[in-house]
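**Q** Sending over a structure as structure tokens; questions will come in a sec.
The values are calculated or read from the model by the stated rules, or taken from the named source; none is laboratory data. Note that this is a predicted model, so its numbers are computed, not measured. Here Cβ is always computed from backbone atoms with ideal geometry, including for glycine, and neighbour counts include all displayed protein chains. SASA here: full protein model, heavy atoms, side chains in, ligands and nucleic acids out. Shrake-Rupley method; radii C 1.70, N 1.55, O 1.52, S 1.80 Å.
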Amino acid sequence: MQVEFLQPENVKAILKDPTQSCKTLIVDVRDDDFAGGHIRGCVNIPCWELVSAGSSSMEEFIKTYCQSGTTDTLIFHCYLSQQRGPLAARRVAERLNQLDGEHGIKQICVLSHGWRRFSRMYGEDETLCVLE
């Protein structure tokens with residue numbers, strides 16, 4: 001499974017389309033900087049929890065979100081989506097590849113330019129963003 005980057009306007013379109021948004025999970029991998037606001041409906045799992053060797057968080061994430069039968073697209077991001085978001089997306093993709101299809105995920109993406117750009121573009125849209 002490959003990780004691809006999506007532009008903010010593409011993520012907005014997915015979130016605004018009920019037929020796509022119901023199958024899409026936004027994964028915000030920021031830690032302390034999550035407090036500044038987030039994409040409505042996202043889950044916040046700090047990157048270090050997902051990628052740390054020996055952490056049970058990866059397996060819990062897979063079981064809860066990837067094998068639930070309700071999610072087929074994962075979109076990861078951090079503040080800029082230059083390090084944490086892409087790293088978490090790659091690690092999840094690697095783990096799912098090891099499972100040989102024992103999950104429902106069809107697409108893993110990273111929000112290009114991260115929360116910073118998304119919030120600047122759509123921060124005033126309360127259906128998309130929660131600003132704190």
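**Q** Restricting attention to the range 32-48, which residues are surrounded by 17 or more Cβ atoms within 10 Å (Cβ to Cβ) and part of a helix (DSSP H, G or I)?
**A** Across the range 32-48, the qualifying residues are 34, 47.
**Q** Quick one: which residue in 71, 19 is within 23 Å of residue 130 (Cα to Cα) and either more than 12 Å from the chain's Cα centre (by Cα) or in a helix (DSSP H, G or I) (or both)?
**A** On the way: 71 fails: either more than 12 Å from the chain's Cα centre (by Cα) or in a helix (DSSP H, G or I) (or both).
From the options 71, 19, the qualifying one is 19.
**Q** Filter the range 1-24 down to the residues that are among the hydrophobic types (A, V, I, L, M, F, W, C) and open to solvent by less than 50 Å² (accessible area, probe 1.4 Å), then identify the one that is farthest from residue 118 (Cα to Cα). Write out each step before concluding.
**A** Just the residues of the range 1-24 that are among the hydrophobic types (A, V, I, L, M, F, W, C), to begin with: 1, 3, 5-6, 11, 13-15, 22.
Adding the requirement that they be open to solvent by less than 50 Å² (accessible area, probe 1.4 Å) leaves 3, 6, 11, 14-15.
On the way: 3: 19, 6: 11, 11: 9, 14: 13, 15: 12 Å.
Checked the range 1-24; the qualifying residue farthest from residue 118 (Cα to Cα) is 3.
**Q** While we're looking at this one, here's another question. Failed condition for residue 27, given (1) surrounded by fewer than 19 Cβ atoms within 10 Å (Cβ to Cβ); (2) closer than 16 Å to residue 74 by Cα, with all others met?
**A** All conditions are met except number (1).
**Q** Still on this structure: Can you give me the number of residues within the range 84-112 that are touching a helix residue (DSSP H, G or I) at 6+ places or on another chain (Cβ under 8 Å) and exposed (fewer than 14 other Cβ atoms within 10 Å of the Cβ)? I'd like the intermediate steps shown before the answer.
**A** So in the range 84-112, the residues touching a helix residue (DSSP H, G or I) at 6+ places or on another chain (Cβ under 8 Å) come out as 84-85, 87-88, 91-92, 95-96, 99, 103-105, 108-112.
Remaining after also requiring exposed (fewer than 14 other Cβ atoms within 10 Å of the Cβ): 99.
Counting residues in the range 84-112 that are touching a helix residue (DSSP H, G or I) at 6+ places or on another chain (Cβ under 8 Å) and exposed (fewer than 14 other Cβ atoms within 10 Å of the Cβ) gives 1.
**Q** I'd like to know if the range 49-72 contains one or more residues that are open to solvent by 50 Å² or more (accessible area, probe 1.4 Å) and among the hydrophobic types (A, V, I, L, M, F, W, C).
**A** yes
**Q** Please pick out the residue among 44, 10 that is without any contact (Cβ under 8 Å) to a residue 40 or more places away in the chain, in contact with a Phe, Trp or Tyr (Cβ under 6 Å, 6 or more places away or on another chain) and not acidic (Asp, Glu). Before the answer, list the steps.
**A** Working: 10 fails: in contact with a Phe, Trp or Tyr (Cβ under 6 Å, 6 or more places away or on another chain).
Sole residue among the options that is without any contact (Cβ under 8 Å) to a residue 40 or more places away in the chain, in contact with a Phe, Trp or Tyr (Cβ under 6 Å, 6 or more places away or on another chain) and not acidic (Asp, Glu): 44.
**Q** Another question, if that's okay. Run down 32, 28 and say which single residue is among the charged types (D, E, K, R) and either farther than 19 Å from residue 114 by Cα or without any contact (Cβ under 8 Å) to a residue 24 or more places away in the chain (or both). Please lay out each step first, then the result.
**A** Details: 28 fails: either farther than 19 Å from residue 114 by Cα or without any contact (Cβ under 8 Å) to a residue 24 or more places away in the chain (or both).
The match here is 32.
**Q** Would you be able to tell me the number of residues in the range 76-108 that are on the phi < 0 side of the Ramachandran plot, in contact with a strand residue (DSSP E or B) (Cβ under 6 Å, 6 or more places away or on another chain) and either at pLDDT below 95 or of a type outside the set (Val, Ile, Thr) (or both)?
**A** Of the residues in the range 76-108, 9 are on the phi < 0 side of the Ramachandran plot, in contact with a strand residue (DSSP E or B) (Cβ under 6 Å, 6 or more places away or on another chain) and either at pLDDT below 95 or of a type outside the set (Val, Ile, Thr) (or both).
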